[in-house]
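Here's the structure we're looking at; comments come further down.
The values are calculated or read from the model by the stated rules, or taken from the named source; none is laboratory data. Quick caveat, the model's predicted, so the values are computed rather than measured. So basically every Cβ, Gly included, is an ideal-geometry build from the backbone, and we count neighbours across all protein chains shown. Only protein heavy atoms, including side chains, enter the accessible area calculation; ligands, DNA and RNA are left aside. Shrake-Rupley method; radii C 1.70, N 1.55, O 1.52, S 1.80 Å.
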Amino acid sequence: MTSTFTDLSLLRPTIPSLIPSSFSKLTTHRPFKLRCSLTEDSTTFIPFKLDGEAQSSAGHSATADCVIVGGGISGLCIAQALATKHWDVAPNVIVTEARDRVGGNITTLERDGYLWEEGPNSFQPSDPILTMVVDSGLREDLVLGDPNVPRFVLWDGKLRPVPGKPTDLPFFDLMSIGGKLRAGFGALGLRPPPPGHEESVEEFVRRNLGDEVFERLIEPFCSGVYAGDPSKLSMKAAFGKVWNLEQTGGSIFGGTFKTIQERSKNPKPPRDPRLPTPKGQTVGSFRKGLAMLPDAIATRLGSNVKLSWKLSSIIKLENGGYSLTYETPEGLVSLLSKSVVFTVPSHIASTLLHPLSPTAADALSKLYYPPVAAVSISYPKEAIRPERLIDGELKGFGQLHPRSQGVETLGTIYSSSLFPNRAPAGRILLLNYIGGATNPGIVSKTESELVEAVDRDLRKILINPNATDPLVLGMLPEMPSRKKGLQGLFLGGNYVSGVALGRCVEGAYEVASEHQLKRITTAVTRSSTLNRHISTEDRKLSASDPD
């Protein structure tokens, strides 16, 4: 069973205050020129060709400006970011993927009138990801959820809406009046001072905003999005922007006010007029599911994307470049590259990087991938409890379940309510996540046992107890779980940028920019980069990998 990327960020509660050198000296390899160019008014690669005889052994090498190892969403987006933003610096980019398809854990399936995801379900439509959407030619295929439908958290046996905007705060019943006052005073700075150590998410939130905010809002969010244990997850890593507010302003409100002042003094450049403008707090997908994005990017990259290429070794050359050897369907192939970006899961990167830097490899090996299963099931519409219907329909983004509430499922996304054409008429489609750092025992459960657990939880909350058995559509089970001299080697992927799909795209632009400016020696042993993605107690990051 393999771990899925758990993107439940659509259920995130809204709390206003949380708001390389030349290769001319190489003489041991016979070079094959890579041709790949990009015109200023186009985002389409001209596929490269290897001049001369076919590559059949590691002794024959092609050259590239950048090789991206991993064809998941991070790797593909880094390639496209280089193509659209920095093509003059790295015109020859190759993406290699060990599997026979791109997209990593983004998996969209369609059958019998159903369209479902077996991995990430959606993304927050930030400008970076909208830029990626437009550059990929998918603007007309973009679909956005209704920002006005509620999100729910289970508490005391009832699904309670979370506040969607500041004016909701006085009226929502998820927290008591005392809990709301404690959160408000804490955000203003009336709370204990920061300790002398790096805080976990639980420590930071309880100290600043009180127990109720942690137990009823943040804990279920951490369980859903990170599949992690908030008592071990680093606040600086998981919620770095909020953590930084207290650092810069003395309190959450103080930091927010200071940030607003800074923005007024240094306004952002004009927004790209090509981008759509989402209304309210919502999430996005595509007409035929999330797989449309990696497929579209791969189509534009053309033959620069190499499938079924498994990297077997990487060697740093004296001139600062790298030699990569691959096992391919055509035999061994060697590539020479000025720079390399790893976007593969950390345990794979650890193995490959060990000959170059045992210290970096050891740090990467300590990142933890909790076991999580994504279970897509369908019920007839009449199976929904009447009290859960709004105007006769199941409306909402979905629901999150705090670990204290006696249910095993982490959360449920109302897939057929969120986006159009996800289920046949008269049926509802629910995507459920189960497992996580606090429930690793799911590795010993069969698929039927996981479905039974999900169905049992839903009948306590959402589905009539006497409803017919659900139709099981699909399941993605869980996955087993900077040093000088490495200039030109970069890390990308969710353990660097963050676990949400949107953060992977934002991180792709950041890596592409770092590649252009060559600001970093290497991302793998910079303590300020890696350590912020390792939890405070046992240095394990509770995150799943979309790549």
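For the pair Glu393 and Thr351, a Förster radius of 35 Å applied to the C-beta separation gives a FRET efficiency near 0.10, rounded to the nearest 0.05.
Decide, for the stretch 316-359, between rounded, prolate and oblate: order the square roots of the alpha carbon gyration tensor eigenvalues as a ≥ b ≥ c, take rounded if a/c falls under 1.5, and otherwise choose prolate if a/b is larger than b/c, else oblate. Oblate. About its Cα centre, the stretch 330-403 has a charge dipole of approximately 180 debye under the convention of +1 per Lys or Arg Cβ and -1 per Asp or Glu Cβ, with nothing else charged. Here the Debye sum runs over all C-alpha atoms of the stretch 87-196 as equal scatterers in vacuum, and log10 of I(q)/I(0) at q = 0.15, 0.22, 0.23, 0.24 Å⁻¹ comes out as -1.00, -1.35, -1.39, -1.42. When the solvent-accessible area of the stretch 83-123 is split by element, carbon and sulfur atoms take up 45 percent of it, the probe being 1.4 Å. For a test of the definition: using alpha carbon positions, the gyration tensor, and the 1.5 limit on a/c, classify the stretch 228-295 as rounded, prolate or oblate. It is oblate, given that a/c is not under 1.5 and a/b is not larger than b/c. With a ≥ b ≥ c taken as the square roots of the eigenvalues of the C-alpha gyration tensor of the stretch 57-110, please select rounded if a/c is under 1.5 and otherwise prolate if a/b is larger than b/c or oblate if it is not? It is oblate, given that a/c is not under 1.5 and a/b is not larger than b/c. Amide H contacts of Ser200 (H built 1.01 Å from N, in plane; Pro and chain starts excluded): Met235 sit under 5 Å, all sequence-distant by 5 or more or on other chains. Net charge of the neighbourhood of Asp272, taken over other residues with C-beta under 13 Å away and scored Lys/Arg +1, Asp/Glu -1, is +3. The chymotrypsin sites (Phe, Trp or Tyr not before Pro) of the stretch 127-187 that meet both conditions, a loop assignment by DSSP and at most 10 other Cβ atoms within 10 Å of the site Cβ, are Phe171. Rounded to the nearest 20, the size of the Cβ-charge dipole of the stretch 145-266 about its Cα centre is 400 debye, with Lys and Arg at +1 and Asp and Glu at -1. The value of relative contact order for the stretch 264-400, using C-alpha pairs under 8 Å at least six residues apart, is 10 percent.
Placing +1 on the Cβ of every Lys and Arg and -1 on the Cβ of every Asp and Glu, with nothing else charged, gives the stretch 258-330 a dipole about its Cα centre of roughly 680 debye. What percent does the relative contact order of the stretch 303-359 come to when contacts are Cα pairs within less than 8 Å and at least six residues apart? It rounds to 26 percent for the stretch 303-359. At what distance in angstrom do the alpha carbon centres of the stretch 70-112 and the stretch 156-171 lie from each other? Their Cα centres are 39 Å away from one another. Here the contact order of the stretch 115-225, divided by its residue count and restricted to Cα pairs under 8 Å and six or more residues apart, works out to 18 percent.
The calculated P(r) of the stretch 158-200, using every Cα pair and 10 Å bins from 0, goes 24, 41, 26, 10 in percent.
The alpha carbons of the stretch 186-281 give a radius of gyration and a Dmax of 15.8, 47 Å, in that order. Remark: C-alpha extents of the stretch 218-334 on the principal axes read 59, 37, 36 Å, sorted largest to smallest.
Expressed as a fraction of 2.2 N^0.38 Å, the value expected for a compact globular protein of N residues, the C-alpha radius of gyration of the stretch 332-437 is 1.68.
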